[in-house]
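Colleague: Handing you a structure now.
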Amino acid sequence: EEDIAMSCSSEATESDRHVHEHGHDGHVCDGHCEHGHDHGEHEKPDEWEEPSLFAYIDLEQCRLLNAQQESADVVLKHPSRLTDRSTWVESDVDEELIVHVQFASAVCVRKICLLGGEEDSCPREMHVWINREDIDFDNARDVPFTQRMEVPNDHRHLIDYKTKYAHFQNVHSLTLFFPSNYGAETTKIYALGFKGDATEYKRHIVEAVYESKPMLQDHKT
């Protein structure tokens, strides 16, 4: 197992490690800053300039909590479908929502892409954990998260959120908790995507599995 373990730490430059840790009057920017100037912490992508991790997602092992939909493939979309609004995930009994993303092999996550819902149903913030499959509504507010990101009330644009890359190495799973929105009864998300790096050693194995294994959305009518 040692020779196939994920290691992307050598790719993390000093700027990667500190991109989220510059403060203004004691404020630490952790995904979205409201200072009236752009820190590059989130951006509107014109194209996937960094590798998509979609091929490494094990969709059958992903799950949604407090969602009206049953399958996570309605929101975990191929890069070419990230602006497609024909499917989405929406919370059920209240505005809280959890999305658990399982990867087929370890990856390093650089950015999380999100396209939120309209009419104030866009999530207000996103709490992210790596490699914590036990997160649910009973402990989500108590377990320290890996990173918290503020999400603007924007349903028109797909936005990239930079991770604290040094903390997103050797990622086997991500758990995303959306505790609130901008005032709607339910929270709605049209798309989630991920950009980052994977080991060259494992890449050909995962791509072979991805090519041979049909995805759920390929069979929707």
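The values are calculated or read from the model by the stated rules, or taken from the named source; none is laboratory data. Note that this is a predicted model, so its numbers are computed, not measured. Don't worry about glycine lacking a Cβ; one is built from the backbone with ideal geometry, like all the others, and counts go over all protein chains shown. Note: accessible area is taken over every heavy atom of the protein model, side chains too, but ligands, DNA and RNA are not part of it. Shrake-Rupley method; radii C 1.70, N 1.55, O 1.52, S 1.80 Å.
Colleague: For the stretch 83-120, give me each residue that is part of a loop (DSSP other than H, G, I, E, B) and under 17 Å from Lys195 (Cβ atoms).
Modeller: Thr83
Colleague: Turning to a different aspect of this structure: Within the stretch 39-52, can one find any residue that is at negative phi, open to solvent by less than 50 Å² (accessible area, probe 1.4 Å) and modelled with pLDDT of 95 or more?
Modeller: Yes, some residue in the stretch 39-52 is at negative phi, open to solvent by less than 50 Å² (accessible area, probe 1.4 Å) and modelled with pLDDT of 95 or more.
Colleague: Something else: Hey, could you check the stretch 133-170 for residues that are in contact with a Pro (Cβ under 7 Å, 6 or more places away or on another chain) and of a type in the set (A, V, I, L, M, F, W, C) and say which is least open to solvent (accessible area, probe 1.4 Å)?
Modeller: So the residue we want is Val151.
Colleague: Suppose we filter Val101, Val93 for residues that are modelled with pLDDT of 95 or more, of a type in the set (A, V, I, L, M) and surrounded by fewer than 16 Cβ atoms within 10 Å (Cβ to Cβ); which single one remains?
Modeller: The unique qualifying residue is Val93.
Colleague: Still on this model: Inside the stretch 123-153, can you point out the residues that are in a strand (DSSP E or B) and in contact with a helix residue (DSSP H, G or I) (Cβ under 8 Å, 6 or more places away or on another chain)?
Modeller: Passing the criteria: Ile130, Gln147.
Colleague: Which one of these does His78 not meet: (1) open to solvent by 10 Å² or more (accessible area, probe 1.4 Å); (2) farther than 11 Å from Leu192 by Cα?
Modeller: Every listed condition holds for His78 apart from (2).
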